[in-house]
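Chemist: This is the structure, below, for whatever I ask next.
Nothing in this text is a laboratory measurement; each read-out follows from the coordinates by a stated rule. Every value quoted in this text rests on a predicted model; they were computed, and no experiment measured them. In this analysis, Cβ positions are derived from the backbone assuming ideal geometry, glycine residues included, and neighbour counts consider all displayed protein chains.
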């Protein structure tokens, strides 16, 4: 594996390898000494064009626990006010000797461009690009689902419902491909205004109310996506936050309609009271906090698989 | 000299002898923990534990045997294709103040054992660490020696020593092969 | 004046072998054999197709304002190399070509360089802002003799402004040239809205945003009895609307670009902004519909929408990149590939699509797009349909290098271009004859 850019072209073998490696990484994190010497001498750059303290800290912890040197690089700029160009940034990182670049970017495709622009020799790890992909988020979701519902195996027979703003969600895009590759059935639940035109080839079902999803499917894992309030009002994608909550929010009543073994997930940060009620977020079925911990193990696995054996691969 | 160097009976005798040596060296087996290095060090550790339990009935073979995956401690990670990471399991009692006997199939350059010593350090602080190997083929690259050896086999660098075990390979044998 | 030129055994329009004599910028003889005057330059043209000099109705020359991307001079050279003898320069320069002063400057600069005739297109509204009509009458009566008006780059979106513009250009028998794009439906749009955009997470530019404006403008043109020309048609739906409008007798004409006839939205999978263009590359079904429409005459002309951009505007994130791609030097090769070599059109059709019809729509048909006949101006393009070449972006004459065809082989190219009998482009093999 040279780069980790999208879950769409990840084979089942590769996906399981990452999850298996993550399982071993998670085991090391229960020890007293959690630091491993594995990536000593390697430099990992966290290149963040978009603020995301949570994701950056998770990658930073993962890299440091593998003894890599970590450089955090916050690049300002947006589609409106261009800052330093992607190309110049890449050339700078190349000059610094980055072995891996973890990139978070507001533009879809930025990670792909970094990997294929010929500017960098290091591995590129996509930590979220625009509304395209966020592979490690979906890997940690898959890791969490597997741990609870299918230890050691694939996700054959598991039904996962993903609820919310699919149109703008890189988490949804990543999960649709990864979870189905692993054998799960994915159901997207969203208002038609937040479902992309051209979704037909996606390997999943689409329904338009959470109640319909609960009635129709035996849901094993229910993933609530973060909803941005500005899309509700100014964006005109939905009449009001209240109506969204009524139709798509996970409250106590809907929680109780899930099968007993079902888990509730959220990539964070949550809007309590909008897409998820406090009762649901804090219930014993919620694995939301665990997702965060699993994120470190999955990112350790990804960094290990990208960087160990790197020289031989080149 | 190539071909089968040790047969099933030879391996069995060697392991029995090593088990006795471990008990003798440590005045019993009360504090002994066997840590097998995957892949083939692990079944050898289990066999040794079973033999020690025959000598010292108080020794709980199951409880006192663990696995020590050293992949993440290797110093040649970046020179080889990416390796899958194996399982490390430590006995519930931990390894603090125990006598840890590292168990491997072939003792060669010493680099694996160096990595194992690093891995052990991250798991706890044993009273002592000892090394048992079924075969010592020489060519040390580090100042490390074995405490218990099944058989010393002089080899040239280009030769390969294949240890085959019933649990993994369906037969017990040590085979010396010419290098490619 | 210059020496006479004899073009021997050329294939006129790809269907008639004849020789041409050019004297003082005029074709003076067309015959099977021509007695070569003593001082004449002889071009052995066996196998070469002769077309009337190509006329582009849609070019961005970037001067004034973005001379780092293209100038009238570099653009003229690119045009000559592509086989063009005239181009219509779009108004979205800085300053905008919304006054007689700017259009005269552009026109004069083109004449001064002398490689092609540059015909400025005037802005419909002041500053392309879509609010107030520009002084179209002044531009029409200026030295530049502007007849086409366009806010290209943006749509004339306000239906009242569009109506008034259509009415107003009747004064001097002009036409409004529309960049059909519903602005509200395409806010932040990055590529064709469909299966590829859904997967790539790039904001969609729906086909309906073009089609609704095409339909509206056709109806407005009918209502006020004026002429509208629709630029860069990109969807199968737009083709249907144009077909319907023409059957109804509405004075509407339409163009297609070479890139919309060859490339699809699949190109966006590379996230390479070289494929970012407005309107966006569409699906294969749209490409097929456009090709059919070009072949059956629903689409009147091929125009390049040659849009040079400085490298920093393309060497960046897709969403931050500018829209547009180069086209002047590759158009003929692409058209040969997608229309001629596929049997969808003949070279005679190409003469109509890329010279005669655009000259007529641009009202420069007294000078360009003329028959290849005795007494006509010698604005000619010699095409070698067997001279395959691989596009090298840096080797193009444009100042910019944002071609989407880098590394792609095109089947043929213009090997010589003549503007009023003067060679403005000569392939290496022909240079010797003129030395």
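Chemist: Using R₀ = 60 Å, calculate the FRET efficiency as 1/(1 + (r/R₀)^6) where r is the Cβ-Cβ separation of residue A:13 and residue C:247; round to 0.05.
Modeler: On the way: r = 58 Å, r/R0 = 0.96.
Between residue A:13 and residue C:247 the formula returns 0.55.
Chemist: Determine the distance separating the Cα centre of the range C:116-180 from the Cα centre of the range C:262-327; give it in Å without decimals.
Modeler: First find each Cα centre; the distance between them is then 24 Å.
Chemist: Tell me the Kirkwood radius of the range C:1-128: reciprocal of the mean inverse pair distance over distinct alpha-carbon atoms, in Å.
Modeler: Details: mean 1/r = 0.0607 Å⁻¹.
For the range C:1-128, the Kirkwood estimate is 16.5 Å.
Chemist: With both partners inside chain B, how many of the DSSP beta bridges are antiparallel, as a percent to the nearest 5?
Modeler: 30
Chemist: Sticking with this structure for a sec: Treating only the Cα positions of the range A:135-292 as identical point scatterers, give the base-10 log of I(q)/I(0) from the Debye formula at each q in 0.14, 0.15 Å⁻¹.
Modeler: Summing over Cα pairs of the range A:135-292 leads to -0.62, -0.72.
Chemist: How would you order C:282-290, A:8-16, C:30-38 from highest to lowest mean count of nearby Cβ atoms within 10 Å?
Modeler: Top to bottom by mean Cβ count within 10 Å: C:282-290, A:8-16, C:30-38.
Chemist: How far apart, in nm, are the 7 Å Cα→Cβ label points at residue B:39 and residue C:183?
Modeler: In this crude label model, residue B:39 to residue C:183 measures out at 6.8 nm.
Chemist: With equal scatterers on the alpha carbons only and no solvent term, can you work out the Debye log10 of I(q)/I(0) for the range B:1-116 at 0.10, 0.14, 0.16, 0.19 1/Å?
Modeler: For the range B:1-116, the Cα-only Debye profile gives -0.33, -0.63, -0.79, -1.04.
Chemist: When the convex hull of the Cα atoms of the range C:61-118 is projected onto a plane and the area is averaged over all directions, what value comes out in nm²? Spell out each step's value before the answer.
Modeler: Numbers: hull surface 13.5 nm².
Average projection, Cα convex hull of the range C:61-118: 3.4 nm².
Chemist: For the range C:53-361, give me the percentage of DSSP beta bridges that are antiparallel, rounded to the nearest 5 percent.
Modeler: Working: 1 of 25 bridges.
So the antiparallel bridges amount to about 5 percent of the total.
Chemist: Could I have the simple spin-label model distance between residue B:177 and residue C:409, label points 7 Å from Cα toward Cβ, reported in nm to one decimal?
Modeler: 4.6
Chemist: Which FRET efficiency value, to the nearest 0.05, is calculated for residue B:169 and residue B:96 with the Förster distance at 45 angstrom and r the Cβ-Cβ distance?
Modeler: On the way: r = 35 Å, r/R0 = 0.78.
So, using R0 = 45 Å, E works out to roughly 0.80.
Chemist: Over every pair of different alpha-carbon atoms in the range C:330-435, take the mean of 1/r and invert it; report that Kirkwood radius in Å. Numbers along the way, then the final one.
Modeler: On the way: mean 1/r = 0.0659 Å⁻¹.
Taking every pair of different Cα atoms in the range C:330-435, averaging 1/r and inverting gives 15.2 Å.
Chemist: So for the pair residue C:295, residue A:116, with labels modelled 7 Å out along Cα→Cβ, what separation do we get in nm?
Modeler: 3.1
Chemist: Let's test this: bin the Cα-Cα distances of the range C:218-307 at 10 Å from zero up to the farthest pair and state each bin's percent.
Modeler: Result returned by the calculation: 18, 47, 26, 8, 1.
Chemist: Hey, another quick one. Quickly rank A:263-270, B:139-146, C:90-97, A:245-252 as a protection proxy: mean count of other C-beta atoms within 10 Å, highest first.
Modeler: Working: A:263-270: 20.4, B:139-146: 13.2, C:90-97: 22.6, A:245-252: 18.2.
With the highest mean Cβ count within 10 Å placed first, the list reads C:90-97, A:263-270, A:245-252, B:139-146.
Chemist: Among C:40, C:236, C:215, which one moves the most in a GNM of chain C with springs linking Cα atoms closer than 10 Å?
Modeler: The residue with the greatest mean-square fluctuation here is C:40.
Chemist: Taking the alpha-carbon set of the range A:110-168, what are its Rg and Dmax in Å?
Modeler: Rg, Dmax (Cα atoms, Å): 15.3, 43.
Chemist: Step by step: find N for the range C:128-263, compute 2.2 N^0.38 Å, then divide the Cα radius of gyration by it. What's the final number? Please list the in-between numbers first.
Modeler: On the way: Rg = 15.6 Å, N = 136, 2.2 N^0.38 = 14.2 Å.
Normalised by 2.2 N^0.38 Å, the Cα Rg of the range C:128-263 equals 1.10.
Chemist: Something else about it: In the protein assembly as shown, what percentage of the DSSP-assigned beta bridges are antiparallel, given to the nearest 5?
Modeler: Details: 38 of 123 bridges.
Percentage antiparallel, nearest 5: 30.
Chemist: For chain A, what does the convex hull of the Cα positions come to per residue, in cubic angstrom?
Modeler: Working: hull volume 40.3 nm³, N = 314.
Expressed per residue, the convex hull around the Cα atoms of chain A is 128 Å³.
Chemist: Cα-Cα pairs above 29 Å in the range C:53-361: how many percent?
Modeler: Working: 13924 of 47586 pairs.
For the range C:53-361, the fraction of Cα-Cα distances above 29 Å is 29 percent.
Chemist: Hey, with R₀ at 22 Å, roughly what FRET efficiency would residue A:94 and residue A:67 work out to, going by the Cβ-Cβ distance, to 0.05? Don't jump to the answer; show the numbers that get you there.
Modeler: On the way: r = 22 Å, r/R0 = 1.02.
Plugging the Cβ-Cβ distance into 1/(1 + (r/R0)^6) gives 0.50.
Chemist: Would you mind calculating the gained length between residue C:36 and residue C:394 on full extension (0.36 nm times residue separation, minus the Cα-Cα distance), in nm to one decimal? Don't skip to the end; give the middle numbers.
Modeler: Numbers: separation 358, 0.36 × 358 = 128.88 nm, distance 3.95 nm.
Difference between extended and current length: 124.9 nm.
Chemist: Counting only other chains, and only Cβ atoms inside 10 Å, what mean value do you get across the residues of B:74-86? Intermediate values should be presented prior to the final figure.
Modeler: On the way: counts 3, 2, 2, 12, 11, 4, 5, 5, 12, 4, 5, 16, 2.
Across B:74-86, the average partner-chain Cβ count within 10 Å equals 6.
Chemist: What number, in nm² with one decimal, is the all-direction average of the projected area of the convex hull of the alpha-carbon atoms of the range A:1-133? List each step's numbers first, then the result.
Modeler: On the way: hull surface 33.0 nm².
Convex hull of Cα atoms, orientation-averaged projection: 8.2 nm².
Chemist: Could you work out [θ]222 nm for chain B from helices alone, using -39500 (n - 2.57) per DSSP H run of at least four and dividing by all its residues? Round to the nearest 500 deg cm²/dmol. Walk me through the numbers on the way to the answer.
Modeler: Details: 4 runs with 50 residues, N = 180.
One gets -8500 deg cm²/dmol as the mean residue ellipticity at 222 nm.
Chemist: Could you state, as a whole-number percent, how many of the C-alpha pairs of the protein assembly as shown are farther apart than 45 Å?
Modeler: Distances greater than 45 Å cover 47 percent of the Cα pairs.
Chemist: With a 10 Å radius around each residue's Cβ, average the other Cβ atoms per peptide and rank C:298-304, A:282-288, A:41-47, highest first. All intermediate terms of the calculation are to be shown ahead of the outcome.
Modeler: Details: C:298-304: 27.3, A:282-288: 17.0, A:41-47: 22.3.
Going from most to least packed, we get C:298-304, A:41-47, A:282-288.
Chemist: Where in the range C:304-326 does the amide nitrogen come within less than 17 Å of the point 7 Å from the Cα of residue A:84, taken along Cα to Cβ?
Modeler: The answer is C:316-317, whose backbone nitrogens lie closer than 17 Å to the label point.
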